[in-house]
Amino acid sequence: MRLILLGAPGAGKGTVAKMLTALDGSVQISTGDILRAAVKDGTELGKEAQGYMTRGELVPDSLIMGIMGERLLEDDCQGGFLLDGFPRTIPQAEELKALLAKLSIDLDFAVNLDVPRDVILDRLTTRRTCSNSDCAEIYNVKSKPPSVEGICDICGSPVIQRDDETEEAISKRLDTFNEQTAPLVDFYTGEDMLLNVNATSSDVVVDAIKEKLGS
Ligand code: AMP
């Protein structure tokens, strides 16, 4: 499958993407994970992106399009991909459309994970993430704690609270989402490509996607 996962930070895009990869081998492409790995490795990209990320702002479109232009050409994308956290602005969506047309790749559709703001706030403040960017398993101190506190069940790396999951950064990220990313719902509605799901649970989202794909 080739899907775009839209939704506020904390809507469950990463969790749903991981569940979908297990279905047909499509790869999850998370621009957030790619950027966090670059910050950790101290690459030029990481140095450029870090300030924006810590402040809860978006990284410039040109950096993101550079990453995605290369990532979509990698072999593992041939079996399908789930775009998690990209596109996040109208210019990114326009450039993605042009890029996919150039590569003769058709998307199935874009899924909007619709979650009320109070649920998002609660999820983000209680969310914890595996610090190993190749794993990036997501936990929640209330609903899905790791079996051993602070240690990832999958890879054994420390499980941490992200730098941009302080209350101040979360509030800024949600404002950024409302201003710059929410308009993508109208964009993909206009393209006749939108599946809107009341994303109370990840299972509900995955079932709605499977139904629309006819599988
Ligand atoms: P995420 O893990 O998807 O919430 O992304 C974490 C941070 O990475 C965001 O708050 C942005 O600073 C940056 N980021 C991730 N994806 C994008 C994107 N498509 N466009 C701009 N910035 C992004």
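See the values below:
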{"item": "The range 140-201: trypsin sites (Lys or Arg not before Pro) in DSSP coil with no more than 16 other Cβ atoms inside 10 Å", "result": "K142"}
{"item": "Rounded percent of accessible protein surface that carbon and sulfur make up, the chain, 1.4 Å probe", "result": "49 percent"}
{"item": "Orientation-averaged projected area, Cα convex hull of the range 1-71 (nm²)", "result": "5.3 nm²"}
{"item": "Debye intensity ratio I(q)/I(0), log10, the range 77-155, q values 0.14, 0.16, 0.21 Å⁻¹ (C-alpha model)", "result": "-0.72, -0.85, -1.03"}
{"item": "Solvent-free Debye scattering, log10 I(q)/I(0), computed from the Cα coordinates of the range 64-106 at q = 0.28 Å⁻¹", "result": "-1.21"}
{"item": "Leading residue at positive end of dipole, the chain (Cβ point charges), from V115, T166, G150", "result": "G150"}
{"item": "Mean-position separation - Cα centroids, the range 4-51 and the range 147-215, in angstrom", "result": "10 Å"}
{"item": "Descending Cα extents along the principal axes, the range 90-215, whole Å", "result": "45, 35, 28"}
{"item": "Accessible area in square angstrom per residue, the range 92-166, 1.4 angstrom probe", "result": "55 Å²"}
{"item": "Square roots of 5 times each gyration tensor eigenvalue, C-alpha, the chain, largest first, Å", "result": "24, 20, 18"}
{"item": "Cα gyration tensor shape of the range 140-208, rounded if a/c is under 1.5, else prolate or oblate by comparing a/b with b/c", "result": "oblate"}
{"item": "Reachable lysines from K172, criterion Cα separation under 20 angstrom, eight or more residues apart if same chain", "result": "K13"}
{"item": "Relative contact order %, the range 1-138, counting alpha carbon pairs below 8 Å whose residues are six or more apart", "result": "44 percent"}
{"item": "Compactness of the range 19-108 as Cα Rg over 2.2 N^0.38 Å, two decimals", "result": "1.11"}
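The values are calculated or read from the model by the stated rules, or taken from the named source; none is laboratory data. Everything numeric here is computed off the predicted structure, so don't read it as measured data. When we count neighbours, we look across all protein chains shown, and the Cβ atoms used for this are built from the backbone with ideal geometry, even at glycine. Remember, those area values only see protein heavy atoms, side chains included, never the ligands or the DNA or RNA. Shrake-Rupley method; radii C 1.70, N 1.55, O 1.52, S 1.80 Å.
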